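Each value in this text was obtained by applying a stated rule to the coordinates, not by laboratory testing. All values derive from a computational prediction rather than experimental measurement. Positions of Cβ are generated from backbone atoms using ideal geometry, with glycine treated the same way; all protein chains shown enter the neighbour counts.
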Amino acid sequence: MINRAIFLDRDGTLNEEAGYIAAPEQFKLFGFAAEAVRLINEAGWRAIVLTNQSGIARGYLTEELLLQTHKLMEDSLRLQGARLDAIYYCPHHPDFGQPPYRLDCDCRKPKPGLIEKAAKEFDLDLTGCFVIGDRYRDVEMGHAAGASSVMVMTGFGREECETQRERWARPPEFIAENLLEAVSWILSREFAAGF
C-alpha cells in the first residue's frame, strides 16, 4: 500500500502564475512539471494537487470552468507520461462572494483541511509526506498537518522569500528553484535514507 504523497500546489508551482485563471486556455504548465510528476509516479508516491481557488467565491470563474482546466492539466500531464492521483480544491473565501462560497472554511490554505481530507481518503502517513508550493501558506499547511514542506522560487516564491522570510514562524525544510528540483531533493533524501 502506498502511504506517502507529495502534495503539489497548482498556480505558480505546476503552472505559470496567471492570476485568476478563468478559462482553460489561460492555463500553461511549466515545462518541467510533467517530468517532476513522472518522477513522483516512478518513485511510488502519490502525486496530489491541493489548491486554493477563491476566484470561484469572487465570481471570476465557475466550478465547471475550474474542472475543465483541471481536465486539461491532467490530459497534458498524461500525454507526457505523468499522472495525478487526485486534485483537491477550496472554492471558498471568508470575505467575498455569496453562500455557499463565502465561508470561513477549514480547507482554505494555510488551514490543513485539504491535506487532511486527502490523508483520510488515501490512508496517508502525513509525517512521511511533503508539500511543495510557491507560497508560505503551503509551507504552513504542511507543517500544521505534520508533513514536511518545500518552497519553490517560481510563482510568488522568490518575492515571498525576499520580503517575508524574517516573519516565517518555521521555515520550509528546503527551498528549491522549481518543482523539478524540489521533487528531486525529496526523492534523493528517500534514497539516501535507504527506504
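Per-structure values
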{"read-out": "Set of the stretch 29-60 residues, backbone N closer than 15 Å to the point 7 Å along the Cα-Cβ line of residue 88", "value": "46-53"}
{"read-out": "Total formal charge among the other residues, if their Cβ is under 12 angstrom from that of residue 96, Lys/Arg +1 and Asp/Glu -1", "value": "+1"}
{"read-out": "The stretch 112-195 shape via C-alpha gyration tensor axes, a/c threshold 1.5", "value": "oblate"}
{"read-out": "Fraction of beta bridges assigned by DSSP in the chain that are antiparallel (%, nearest 5)", "value": "5"}
{"read-out": "Over the chain, volume per residue of the alpha carbon convex hull, in Å³", "value": "114"}
{"read-out": "Cα centre as origin, Lys/Arg/Asp/Glu Cβ charges: the stretch 1-84 dipole, Debye", "value": "280"}
{"read-out": "Net dipole in debye of the chain [+1 Lys, Arg Cβ; -1 Asp, Glu Cβ; about Cα centre; nearest 20]", "value": "240"}
{"read-out": "Residue-count net charge about residue 45 - beta-carbon cut-off 13 Å; Lys, Arg +1, Asp, Glu -1", "value": "+1"}
{"read-out": "Value at 222 nm in deg cm²/dmol, rounded to 500, when DSSP H runs of n ≥ 4 in the chain each add -39,500 (n - 2.57)", "value": "-11000 deg cm²/dmol"}
{"read-out": "Burial ordering of 76, 148, fewest other beta-carbon atoms within 10 Å first", "value": "76, 148"}
{"read-out": "Cβ-defined net charge surrounding residue 123, 12 Å radius [Lys, Arg +1; Asp, Glu -1]", "value": "+1"}
{"read-out": "Among 12, 44, 55: highest mean-square fluctuation, GNM of the chain, C-alpha pairs under 10 Å", "value": "44"}
{"read-out": "Euclidean distance between Cα centres, the stretch 45-124 to the stretch 4-39, Å", "value": "12"}
{"read-out": "Within straight-line cross-link reach of residue 120, lysines at Cα separation under 30 Å, skipping those fewer than 8 residues along the same chain", "value": "71, 109, 111"}
{"read-out": "Alpha carbon convex hull of the stretch 114-157, volume per residue in cubic angstrom", "value": "60"}
